[in-house]
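**Student:** Got a structure here, written out as structure tokens. Questions coming.
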């Protein structure tokens, strides 16, 4: 019997490189394929949040701080490594920065002195401690228009300093046998797919074309869940709970996600906003249970809490997520099942590779009637009253996938006729609601 794998990954990079969102997406991807994921928090951020200001430290204080930071980091990492060693399933440990990151913030002489004082050596700290290092390049190099310090209260770096720290951080890890540098040659979403693909490639996980450049998310309406689970290939089921939060900015959406298996939960906070380039920027952040409870006090009561069972599986080298909506929900969601996948394939090629054991009603990619934001609204839909979060869309607007927002209420009725014939009367209620364009929902 093959022993479970423990894979130790360092996720590093310059300021505003996408580490936080990247860590969240890596976690979700590997949990979906049945791995246990541990996320080692960034030690420096933990210490800085206690009131330490690095610019206020003199050379001697800075050197002592870095030494204690390394000791703390090693202790925290070892705690997670020990837990993973007893795990009965494959386990990914994502370290938010690693031991060599400290070298970017001090002179070589100071770094060597710290190693000597503690009987440490670079080979053990760099080469033998971690299986892979992924360096995400700061937005200050190649994506300057997206560089900002607003999303992290501990971040104060200017563009030039960010570039220098990015360079020094990357150089500190030179010599590790498995380094992947993910630059800004693509848009941010593709950058993160490349990051996940790099990790999968090193581990030896075949992702098909799900993470290829140019792949897109496709969404399909499924008529009903098959009566027997045995017809599925190996799968993982998760209970998922979403809550939308109140925001003061109509160009911003915020939501919480609770995702669990066997009573063990992970929590995520997501914000989506439309920037000055009219590009939707999504930031995902892992949070703890206490933060989750605190955020819940901001719940938007014009939306239902969304309950789903999410089934994740591979078919024909394509990765699928099937969301089965559960009560309590709006009648429009009764029996609703949506299937999603990422792929570069189009048209008949996609249809030929869809799971044959599922009866697909139609493709609903980009249809605002099937965005979770609109599905979760408590009120009924009035197609004469349109609202667009962050896109300044009028009622004649067509979204990026070619669906007119006018058809949202009719579209959901057409689809759910196949799922639940009793929903028609509910779908035609005249109470007003806002239909949100799917590019931000």
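**Student:** Looking only at residues that are closer than 17 Å to residue 125 by Cβ and in contact with a strand residue (DSSP E or B) (Cβ under 8 Å, 6 or more places away or on another chain) in segment 72-87, which one is surrounded by the fewest Cβ atoms within 10 Å (Cβ to Cβ)?
**Tutor:** Of everything passing the filter in segment 72-87, 76 is surrounded by the fewest Cβ atoms within 10 Å (Cβ to Cβ).
**Student:** Hey, does segment 56-63 have a residue that's in contact (Cβ under 8 Å) with a residue 24 or more places away in the chain, touching a strand residue (DSSP E or B) at 6+ places or on another chain (Cβ under 8 Å) and part of a helix (DSSP H, G or I)?
**Tutor:** Scanning segment 56-63, I find no residue that is in contact (Cβ under 8 Å) with a residue 24 or more places away in the chain, touching a strand residue (DSSP E or B) at 6+ places or on another chain (Cβ under 8 Å) and part of a helix (DSSP H, G or I), so the answer is no.
**Student:** Within segment 201-223, can one find any residue that is surrounded by fewer than 16 Cβ atoms within 10 Å (Cβ to Cβ), in contact with a strand residue (DSSP E or B) (Cβ under 6 Å, 6 or more places away or on another chain) and closer than 20 Å to residue 311 by Cβ?
**Tutor:** yes
**Student:** Restricting the first residue to segment 193-207 and requiring it to be farther than 15 Å from residue 9 by Cα, which pairs with a second residue that is modelled with pLDDT of 90 or more and in a helix (DSSP H, G or I) meet a Cβ separation below 7 Å and a spacing of at least six or different chains?
**Tutor:** Note: pairs meeting the criteria are 207/197; 207/200.
**Student:** Please tell me if residue 81 is closer than 24 Å to residue 197 by Cα and touching a residue at least 40 places away in the same chain (Cβ under 8 Å).
**Tutor:** It is true that residue 81 is closer than 24 Å to residue 197 by Cα and touching a residue at least 40 places away in the same chain (Cβ under 8 Å).
Rundown of residues vs (1) surrounded by fewer than 20 Cβ atoms within 10 Å (Cβ to Cβ); (2) touching a helix residue (DSSP H, G or I) at 6+ places or on another chain (Cβ under 8 Å); (3) more than 23 Å from residue 269 (Cβ to Cβ), yes/no style:
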| site | (1), (2), (3) |
| --- | --- |
| 281 | yes, yes, no |
| 296 | yes, no, no |
| 300 | yes, no, no |
| 305 | yes, no, no |
| 320 | no, no, yes |
| 332 | no, yes, yes |
| 345 | yes, no, yes |
| 361 | yes, yes, yes |
| 372 | yes, no, no |
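**Student:** Follow-up. Taking segment 33-55 as the search range and keeping residues that are surrounded by 19 or more Cβ atoms within 10 Å (Cβ to Cβ) and part of a helix (DSSP H, G or I), which one is modelled with the lowest pLDDT?
**Tutor:** That would be 44.
**Student:** Inspect all residues belonging to segment 131-141 and state whether any of them is assigned to a helix (DSSP H, G or I), in the same structural domain as residue 29 (by TED's automatic domain parsing) and surrounded by 13 or more Cβ atoms within 10 Å (Cβ to Cβ).
**Tutor:** No.
**Student:** Which members of segment 108-124 meet the condition of being surrounded by 12 or more Cβ atoms within 10 Å (Cβ to Cβ) and closer than 15 Å to residue 169 by Cα?
**Tutor:** Once the filter is applied, which keeps residues that are surrounded by 12 or more Cβ atoms within 10 Å (Cβ to Cβ) and closer than 15 Å to residue 169 by Cα, segment 108-124 yields 111, 122.
**Student:** If I filter segment 88-97 for residues that are buried (at least 18 other Cβ atoms within 10 Å of the Cβ), in contact (Cβ under 8 Å) with a residue 24 or more places away in the chain and in a loop (DSSP other than H, G, I, E, B), do I get at least one hit?
**Tutor:** Looking through segment 88-97, at least one residue is buried (at least 18 other Cβ atoms within 10 Å of the Cβ), in contact (Cβ under 8 Å) with a residue 24 or more places away in the chain and in a loop (DSSP other than H, G, I, E, B).
**Student:** Kindly provide the set of residues from segment 261-312 that are in a strand (DSSP E or B), within 30 Å of residue 229 (Cα to Cα) and touching a strand residue (DSSP E or B) at 6+ places or on another chain (Cβ under 8 Å), ordered by number.
**Tutor:** Residues satisfying the conditions are 261, 265, 266, 267, 268, 306, 307, 308, 309, 310, 311, 312.
**Student:** Let me ask you something else. Return a yes/no flag: does segment 239-246 have any residue that is more than 21 Å from residue 368 (Cβ to Cβ) and assigned to a helix (DSSP H, G or I).
**Tutor:** No.
The values are calculated or read from the model by the stated rules, or taken from the named source; none is laboratory data. From a predicted model like this one, the values you see are computed outputs, not experimental measurements. We place every Cβ from the backbone using ideal geometry, glycine too, and count neighbours over all the protein chains shown.
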